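Take a look at the structure set out below.
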Amino acid sequence: MRVIFIALIAIAAAGCQDDSVREGTHAEASTSAAQPAASQPEQTIAQAPSVSSDEQQVAPVSRPGWKSALCAVESSGEEYRGPCDFLAERGGTFSVQMPGGNEAIAPGVANITVAVIAPGEAEVRGLTLDGINSRWGSAIRSQEDPACWLGSDFRVCAY
């Protein structure tokens, strides 16, 4: 435990900006801490192709695996339509959140996961801003718009 704490202090002191170190394994942390800050490559964000809907631009995403997308989320009588971050997982499962993941994409919800359990069927969960995983319920894939999943009182679409 003391070694991990010391490694984290060394990383903080070096001013490390590498997300893989903050979210990675202990081995990655000790490797990055051993390198001088000047020798670490500067991160650049590739410009995402322009995608517009209603004149809105999709911002580039800098976290591995997440991509820029457009979302439409309806829940609790409120609707969000606009840019979002999209993470595709196995079997059609995906997650969406506001760009950067720091704001609510639905009332009180930071992240929504649509977990495909069978063709055309999914379980939907929301991670609240307080870190609580809440079950939204079952959803079916829309036949009119296959980018959308429809629940009894919600809709999640990712384009």
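Computed from the coordinates by the stated procedures, all read-outs in this text should not be read as laboratory data. The model shown is predicted, which means the values in this text are computed figures rather than measured ones. FYI the Cβ positions are ideal-geometry reconstructions off the backbone, even for glycines, and counts take in every protein chain you see.
All but one of (1) closer than 16 Å to A88 by Cβ; (2) out of contact with any strand residue (DSSP E or B) (no Cβ under 6 Å at 6 or more places or on another chain); (3) not hydroxyl-bearing (S, T, Y) hold for V114, so report the exception by its number.
Only one criterion is unmet by V114, namely (2).
Can you tell me how many residues within region 61-82 are under 15 Å from I112 (Cβ atoms) and not acidic (D, E)? It would help to see each step written out before you state the result.
Taking region 61-82 as the starting set, the residues that turn out to be under 15 Å from I112 (Cβ atoms) are 66, 69-76, 78-82.
When the remaining residues are screened for being not acidic (D, E), the result is 66, 69-73, 75-76, 80-82.
So the count comes out to 11.
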